[in-house]
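J.: Pasting a structure below so you can have a look.
No value in this document is a laboratory result; all are computed from the given coordinates. Quick caveat, the model's predicted, so the values are computed rather than measured. With ideal geometry, Cβ positions are generated from the backbone for all residues, glycine too; neighbour counts draw on all protein chains shown.
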Amino acid sequence: MNYSIFSLGSNDGLAKKIADKLGVELGKIKCKTFADGEQHVQFLENLRGKNVFLVQSTNAPADNMARLLLAIDAARGASAHEITAVIPYFGYARQDRKARPREPISARVCAVMLEALGTDRLLTMDLHNDAIGGFFRKTNVDYLYARPVFLTFFKDFFKDALAKDDLVVVSPDAGGVVRAQSFAKRLMKSADLAIIHKERDVPNQVARMKLIGNVEGKIALIVDDMADTCGTMATAANLLVESGAREVYAVTTHGLLSGSAQETIEKSPIKRFFITDTISAERTLSPKIQIVSVGEIFGDAISRIVSGESLSALFEAE
């Protein structure tokens, strides 16, 4: 099938890995920012009748989302056959409901904009809430999970601990229990799980934490979907050490690492912090942070989309 993959600038490194996995060159496109901050996009090759894949994480969301929307409109106007927005990190996913009066449901706003411009398919990874797919009416939404990539990596990295049944998976909050459990039951015989119950007084600030479960003498692995300011993660790590954990590691799909997040991680007892490259790896990262690439799984997914195969087969071998 005739298809092209374009990188819109937010994550050129991941886009290149995807293209390499598929054995193709990235499509030619010009993206620039005008002096006043406006975005401009121009495809430099013929799109007529092609399946077009646009790779663009939305962090930072204002500029990168705008560029993605402009590219979709340009591809539709250039008579592309099918347009797939490949959004490894989908911004605004945490704003998936109306928590207070007179607020927007921002994730739905993003879905409406993408759909209105003619996006045929969305390919994304580890949405904060999979139910966001329900905001789309016509666009097909395909989910990928970083879990298979991390599991393959951890089975080797924690080989000794797994052999001794010394690993315990930790959910940093009640909402992440299902995610943590999915790691635990695929990594360990006993599937040991601990849960941190937290109460927030204001967003991004945890007032109180309580550990449910036993981590005494164990190697603790905190599992979450994203790391933003990392205050919660660091506080959780301190609580685990106080509760007798021998070592603390953390893993998250989306490493936003906003503000002083890396400094917070540096000062925490976390020994190694694993993230993926859904957000560009072309930035200075703490020595504690290690990237596990998801380029191959995105490449496999696009290959399956192009050939009409099932994406669920990517997770059946776990």
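J.: Given R₀ = 25 Å, FRET efficiency for Phe315-Lys271 by Cβ-Cβ distance, to 0.05?
T.: 0.30
J.: Under the √(5λ) rule applied to the eigenvalues of the Cα gyration tensor, what semi-axes describe the equivalent ellipsoid of the range 205-253? Give them in Å, descending. Could the numbers behind the result be given before it?
T.: Numbers: eigenvalues 65, 36, 13 Å².
That gives 18, 13, 8 Å for the three semi-axes.
J.: Using only C-alpha positions, report the orientation-averaged shadow area of the convex hull of the range 225-269, nm², one decimal.
T.: If I average the Cα hull's projected area over directions, I get 2.9 nm².
J.: Related question: For a quick check: sort Ser310, Ser7 by the number of other beta carbons within 10 angstrom, fewest at the front.
T.: So the ranking, lowest neighbour count to highest, is Ser310, Ser7.
J.: Then there's this: Between Asp166 and residues 5 or more places away or on another chain, which pairs have amide H atoms under 5 Å apart, with H built 1.01 Å from N, and which residues are they?
T.: Here nothing satisfies the definition.
J.: On to the next question. Sequence-distant or interchain residues sharing an amide H contact under 5 Å with Val86, placed H: which?
T.: Leu54, Val55, Gln56, Leu123
J.: If I take the Cα coordinates of the chain and project them onto the principal axes, what are the three extents in Å, biggest first?
T.: 61, 44, 36
J.: Considering only DSSP beta bridges with both partners in the range 147-292, what is the antiparallel share in %, to the nearest 5?
T.: Just about 25 percent of them are antiparallel.
J.: Separate question: So what's Rg/Rh here for the range 77-145, counting alpha carbon atoms and using the Kirkwood radius for Rh?
T.: Across the range 77-145, the Cα-based Rg/Rh ratio is 0.99.
J.: What does the charge add up to near Val141, with Lys and Arg as +1, Asp and Glu as -1, over the other residues with Cβ less than 14 Å from its Cβ?
T.: Once positives and negatives cancel, what remains is -2.
J.: Would you mind getting me the FRET efficiency between Ala99 and Lys185? Use the beta-carbon distance for r and R0 = 41 Å, nearest 0.05.
T.: Working from the Cβ atoms, E equals 0.85.
J.: I would also like to ask the following. If amide H atoms are built 1.01 Å from N in the plane of the peptide, which residues on other chains or at least 5 residues away come under 5 Å of the amide H of Arg246?
T.: Those qualifying (amide H under 5 Å, at least 5 residues apart or on another chain) are Gly217, Lys218, Ile219, Ala220.
J.: Pop out the ³J(HN,Hα) list for the range 157-165 in order, Karplus 6.51 cos²θ - 1.76 cosθ + 1.60 with θ = phi - 60°, rounded to Hz; leave Gly and Pro as x.
T.: Those phi angles translate into 4, 9, 3, 5, 5, 5, 5, 8, 6 Hz.
J.: Starting from the eigenvalues of the Cα gyration tensor, five times each then square-rooted, give me the equivalent ellipsoid semi-axes of the range 1-105, largest first, whole Å.
T.: Working: eigenvalues 137, 50, 40 Å².
Sorted largest first and rounded, they come to 26, 16, 14 Å.
J.: Could you tell me how far the Cα centroid of the range 232-280 sits from the Cα centroid of the range 106-168, in Å?
T.: That distance is 20 Å.
J.: Something else: Please give the length that would be gained between Asn2 and Ala78 if that part of the chain were fully extended, namely 0.36 nm times their separation in residues minus their C-alpha to C-alpha distance (nm, one decimal).
T.: 25.9 nm
J.: Same structure, new question: Return the inverse of the average 1/r over all pairs of distinct C-alpha atoms in the range 143-249, which is the Kirkwood hydrodynamic radius, in Å to one decimal.
T.: Across the range 143-249, the inverse of the average 1/r is 14.1 Å.
J.: Now for a different question. In which sequence would His254, His40 go, from the one with the fewest C-beta neighbours within 10 Å to the one with the most?
T.: Placing the least packed residue first, the sequence is His40, His254.
J.: Right, something else. Of the listed pairs Lys16/Lys155; Lys16/Lys271; Lys155/Lys185; Lys198/Lys288; Lys218/Lys271; Lys189/Lys267, which have alpha-carbon separations greater than 21 Å here?
T.: Distance filter (> 21 Å) returns Lys16/Lys155; Lys16/Lys271; Lys198/Lys288; Lys189/Lys267.
J.: For Lys17, Lys185, what's the fewest-to-most ordering of other Cβ within 10 Å of each Cβ?
T.: Lys185, Lys17
J.: What share of Cα pairs, in percent, lie more than 18 angstrom apart in the range 198-318? Intermediate results must be reported in sequence, preceding the final value.
T.: Details: 4264 of 7260 pairs.
Distances greater than 18 Å cover 59 percent of the Cα pairs.
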